[in-house]
Each structure stands twice: as C-alpha cells, then as structure tokens.
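J.: Quick one: structure below, then a few questions.
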Amino acid sequence: MATATITELPAWKALSDHYQKIDRLHLRELFAQDPRRGERLTVEAAGLYLDYSKNRITDETIALLLQLAEQAGLHARIDAMFGGEKINVSENRAVLHVALRAPKEQSILVDGEDVVPGVHRVLDRMTTFSNRVRSGAWRGHTGKPIRNIVNIGIGGSDLGPVMAYEALKHYSDRAMTFRFVSNVDGTDFAEAIRDLDPAGTLFIVSSKTFTTLETMTNARSARTWSLSGLGGDEASVAKHFVAVSTNAKEVTSFGIDAANMFGFWDWVGGRYSMDSAIGLSTMLAIGPDNFRIMLAGFHEIDEHFRTAPFERNMPVLMGLLAIWHNNFFGAQTVAVLPYEQYLKRFPAYLQQLTMESNGKHVTLEGDALGYDTGPVYWGEPGTNGQHSFYQLIHQGTRLIPCDFIAFHKTLNRLGEQHDMLLANVFAQGEALAFGKTADEVRAEGSPDWLVPHRVFEGNRPSNTILLEQLTPATLGKLVALYEHSVFTQGVIWHIDSFDQWGVELGKVLAQRIIPELTNEAESKFCHDSSTNALIRRHRTFREQPR
Ligand code: F6P
C-alpha cells in the first residue's frame, strides 16, 4: 500500500457500511440461518483447527476483510518479510525469524548473504553444548556435573524461554532444575538461587544487546554468588557462565569467553527469538531432537502462511478478525484462554509479542494514525479464569473477543478430568455466543425481579483453536500462528511491528534517577514536583535502619 491511510481504502469503507448492517445481528440468528455454519467457518492447517464461526461475521464480512488484505498489499509484505527485505524501517533491519526455522537446504538472502547456513551452525553448536551438559560431560569448576540451569534475561530473552520451558515440561529432563531470572528486583534472583549449589549451577546470560540494565545487573549478582560459592577463582566463570547475544564485544568485556557465546542476528527481534539461541535453556530442558521438532512445527506454519490462499490462511484469518473486532466493534482487549495448564505462561508471552509489536501510534512513514492499533492481550489458563474474570466477559458492558485454545489429548490422564476440561472450553464458547434470554430464564422459574440479573445477552465473539496434543511441534505451530497473525494486523494498520521505541524513555529516565536515589549528598532534583517528592521520600526511608 502507498502512504494513503487504510481508512481510505475501498474495502475499509465497505466494511464500515457493512458493520452498520450487521452490528445488530445476533449469533443466534446467524447460526439459525445456516445450520452448517459451525462446520463451514473453520479452517484446518498443519494439524491446527480454527473454528471462527462464533464471530459476528457473515460471508460478506470475510469477503470484505479478504479484500482489505489484498488492498493493503499483504501478499507483497509477506514476500518482503520472507525475502529478507528491511521491513523494520525505523531500525533499518530485515525481519527474519522465519529463517531461524528454515531447513538447511533453503536459502534466504540478507544484503546478498545467505543467512541459513549461519543459523544451522549455531544450532549445531547449541546441540553439542546441550548434549555435553545433559550427559554430564560438561563439568563445573569443582568437577561436579551441571544439574541447575538459570536463564538470566528479560522481555524476549526471558518470556519465550520460560513459556517454552513450562509448556514443554513434560518433555524435559526432570533430573535437571530450570530457573528464570528477569526482574531487577533482587528478590527474583535471591529466590531463584536460594536452594541451588553453585558447583552444579550454570547461568545462561541471555541478552540480544548485552546492555540491558536488568539482565546485566542480575548477571553481575550471579557472578558474585557463583564466585563466592566456588572459592573466588575467576577461572570458574568459564565453566558456569555462557552467553546468548548478538554483541560479542560486550560478552567478552563481561568476562565470558567468546567460545561460550551463542550468537544470533539483528534481524531477530527479541520477542521473535525463542527459536534462536535464546532458546538454549529450552534445548537443554527438552533435548536437541525435540528442539528441532519444535522448529519444524514453526516452519510448517511459516509455509502455510507464505503459500495458502488468504481465505484458507489461518494466521491471515485470525489477523483480519482481530482488525474487525478492534477497528469496527471498538473492542479494546483480547482474552487468550488456553485450556492447558502447561500453557500457563502463554498469555504473558503473547503480551510482549502482540503489544510490543503492534502498540504503535504512527504509520511506517511516521504520520499520526487516525485509527486504533494493537488491543490489550491478557489471559489465564482455563478453568481458573472462569471463576475469576469470566463474569465480566459474559455479562459486563465491554466486548471482549476470546481465543480459546485446547488439546484433544492430555499429557496427564486422570480419570475423566480431560473431558471435563474440554466440556468447559466448549461450554464457554457456546455461552458467550448464544447467552440465555429472559424467556429462558423465566422458564427456569426465576422470579421476575431476578430475571435481568440472570440474563446473558450473548453475541460475544470467540475463536476456538484445537490441536491434537501439546508437543514441541504443536507449540512451535501455535507460536508461529500468533506471530503471523500479529504481522497481518501490523500490515493492515501500516505500522512497524518490529521496533519498540516506546520502552526507551522509561529506561533513560531510570538511569538518571538511580544515582539520585543512591548518592550520599542531597542534590537538587530537576524533575516535576511529584517525581522529586517521591525521590525525597524514598531517600528518607532507605536511610532509616530497619
Ligand atoms: O523491553 C525492550 C526490549 O528491547 C525487548 O524488545 C527485548 O526483548 C528486551 O528489551 C530485552 O532486550 P535484550 O535481549 O537486548 O536484553
């Protein structure tokens, strides 16, 4: 698309008119009119099944949304991403997380250089290292095998690894302990290592830039803890610290041997990096073979996204439905509700993927937007959310589209519990869509005064994503599905989904405030009166004895 705003595209205008027509249509009517709707408005790809029939759409809505994708130039943007073009314009970088899972024989050029061989060289080094640690061949400074892995990182250098570890715990080596430290709050580090033996503990310092305040601070604390537990011998660092980074210079100056560094590239965004060397903790947990199976899962969805016609393209359809809810219904949030306990960190992972990518206020050219971009993503695993915030989704005044995610087979069969779980996820989608009318409530014998309280208006949209079982491959597919849905949305909104300037200002101001909190001498603070007063108050309290 040229620089014309998306709201001027014919399909956008047609969607605005169409919205006026169908806004009042109820899902009850839509399902009554078409008995096969629940089978028709579905798509299956790479073992994933998406039922999008419980959205407030007609065939015309889908046709118009597909036209919008065409008019916004989605085909060309997909080709540009897969072709290694510098589509991250504000940072002048290619966006090639898809290269991280490309098979050896594929070739992807960036500035004339094929990046795929480099990806496989790093994977091979990670494999050798993981095998040595897992088998006990890699020994700590005292000769003990490594049994504890602590990943230190934040944002994309933490959320992907911790989510993947939790998601794939079933496949992990249970003789090993995995911890994840991210917060600059010292409690995070202190609790992570309190029961660990330094002689059997390896730290992975994961940071794309190797300059992030939180990660470098925690890495220094880890170094002090490790050294003091190992007799202070600096030579021990080589056995107990490895780094994952794009910044070899900073890694070496921190004291980690470049031989113990696993690299990646500036064309991998932090929130798109769990399948790069940032996934070293994942590989250590589940083993190199399972890690490669996960990559193959990612790749299957990459190929589907790249080649499937838009009307059968799962990430494209999900992305377009997200636009429909966000920009036409004015929905401000999306709830992601995995009915799978192992996916308990998936919503937190998705928050960075979706909101750091699409929380943008200007177009690719830097012009102010006249429409909303990324909604707020949030969620909890089912069924816990049902006993907490689902009340608002069912009967509150806001429209909250939901993504339900479930698996046909459990990894932990306990009597009928898995069928109960699935019954719950299906019931929630049904209740949201169809609700309960006043007549139905009355027919159940409710007194008149209670009827309004017990009515569910319904007509609340949801997607249901079904997979066979949670495996390394299905996790890869699920993550790739959301990555490409986020991309689709960003293309329609005509924004840069791959920069994150919005996190910079707070970082800079914190660096300015740190010495103001810790300097002995009272200096003149030059902030606003609120920030100055908060600083003074903290100084007073921090100096008082406990
Ligand atoms: O919060 C901003 C951010 O740059 C994220 O995009 C990134 O994932 C995170 O910080 C960590 O950055 P790094 O891996 O460079 O330490």
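The values are calculated or read from the model by the stated rules, or taken from the named source; none is laboratory data. All of these numbers come straight from a predicted model, not from anything done at the bench. All Cβ positions, even for glycine, are placed from backbone atoms using ideal geometry, and neighbour counts span all protein chains on display.
J.: Can you name the condition, by its number, that R179 falls short on among (1) away from the ligand (no atom under 15 Å from the Cβ); (2) touching a His at 6+ places or on another chain (Cβ under 7 Å); (3) in a strand (DSSP E or B)?
T.: With (1) away from the ligand (no atom under 15 Å from the Cβ); (2) touching a His at 6+ places or on another chain (Cβ under 7 Å); (3) in a strand (DSSP E or B) applied to R179, the lone miss is (2).
J.: Six or more apart or on different chains, Cβ atoms under 8 Å: show the pairs whose first residue is in the range 186-209 and more than 15 Å from R220 (Cα to Cα) and whose second is β-branched (V, I, T) and at pLDDT below 95.
T.: Within 8 Å, the pairs are K208/T246; T209/T246.
J.: What is the number of the single condition among (1) among the hydrophobic types (A, V, I, L, M, F, W, C); (2) surrounded by fewer than 16 Cβ atoms within 10 Å (Cβ to Cβ); (3) not in a helix (DSSP H, G or I) that A331 does not meet?
T.: In the conditions (1) among the hydrophobic types (A, V, I, L, M, F, W, C); (2) surrounded by fewer than 16 Cβ atoms within 10 Å (Cβ to Cβ); (3) not in a helix (DSSP H, G or I), A331 misses (2) alone.
J.: Mind counting the residues in the range 167-176 that are part of a helix (DSSP H, G or I) and either more than 22 Å from G269 (Cβ to Cβ) or within 16 Å of the ligand (Cβ to nearest atom) (or both)?
T.: Kept after step one, since they are part of a helix (DSSP H, G or I), are these residues of the range 167-176: 167, 169-171.
Keeping just the survivors that are either more than 22 Å from G269 (Cβ to Cβ) or within 16 Å of the ligand (Cβ to nearest atom) (or both) gives 169-171.
Qualifying residue count for the region: 3.
J.: For residues in the range 85-101 being surrounded by fewer than 22 Cβ atoms within 10 Å (Cβ to Cβ) and not β-branched (V, I, T), which is nearest to S497 (Cα to Cα)?
T.: Residue satisfying both the conditions and the ranking: N88.
J.: Considering only residues of the range 494-546 that are of a type in the set (G, A, S) and away from the ligand (no atom under 13 Å from the Cβ), which is farthest from R93 (Cα to Cα)?
T.: It comes out as A521.
J.: Also: Please state which one of F456, F407, F434 is touching a Ser or Thr at 6+ places or on another chain (Cβ under 8 Å) and among the hydrophobic types (A, V, I, L, M, F, W, C).
T.: F407
J.: Read through the list (1) in a helix (DSSP H, G or I); (2) surrounded by 23 or more Cβ atoms within 10 Å (Cβ to Cβ), then give the number of the only condition that H304 fails.
T.: Result: H304 fails condition (2) only.
J.: Further question: Those residues that are outside any helix (DSSP H, G or I), among the hydroxyl-bearing types (S, T, Y) and touching a Phe, Trp or Tyr at 6+ places or on another chain (Cβ under 8 Å), I need them from the range 467-525; list them, please.
T.: Matches in the range 467-525: T471, S497.
J.: State whether one or more residues within the range 353-368 are in contact with a helix residue (DSSP H, G or I) (Cβ under 8 Å, 6 or more places away or on another chain), assigned to a helix (DSSP H, G or I) and away from the ligand (no atom under 16 Å from the Cβ).
T.: No, the range 353-368 has no match at all.
J.: When the residues of the range 183-207 are filtered to those that are among the small types (G, A, S) and surrounded by 13 or more Cβ atoms within 10 Å (Cβ to Cβ), which remaining residue is nearest to the ligand (Cβ to nearest atom)? Walk me through it before giving the result.
T.: Within the range 183-207, the subset among the small types (G, A, S) is 186, 190, 192, 199-200, 206-207.
From the residues that got through so far, the ones that are surrounded by 13 or more Cβ atoms within 10 Å (Cβ to Cβ) too are 192, 199-200, 206-207.
Numbers: A192: 17, A199: 28, G200: 26, S206: 7, S207: 3 Å.
Checked the range 183-207; the qualifying residue nearest to the ligand (Cβ to nearest atom) is S207.
J.: When you go through P461, P472 one by one, which is the residue that is more than 24 Å from V98 (Cα to Cα) and either free of Cβ contacts under 8 Å to residues at least 12 places away in the same chain or not polar (S, T, N, Q) (or both)? Reasoning before the result, please.
T.: Working: P472 fails: more than 24 Å from V98 (Cα to Cα).
Among P461, P472, only P461 is more than 24 Å from V98 (Cα to Cα) and either free of Cβ contacts under 8 Å to residues at least 12 places away in the same chain or not polar (S, T, N, Q) (or both).
J.: Let me ask something else. Would you mind stating whether F210 is surrounded by 21 or more Cβ atoms within 10 Å (Cβ to Cβ) and either among the aliphatic types (A, V, I, L, M) or away from the ligand (no atom under 13 Å from the Cβ) (or both)?
T.: Taking the combined requirement at face value, the residue does not satisfy it.
J.: So in the range 364-379, with the set limited to residues that are over 30 Å from R345 (Cα atoms) and not acidic (D, E), which one is surrounded by the most Cβ atoms within 10 Å (Cβ to Cβ)? Working first, answer last.
T.: Kept after step one, since they are over 30 Å from R345 (Cα atoms), are these residues of the range 364-379: 364-371.
Retained after the next criterion (residues that are not acidic (D, E)): 364, 366, 368-371.
Working: L364: 19, G366: 9, A368: 8, L369: 16, G370: 10, Y371: 14.
Selected residue: L364.
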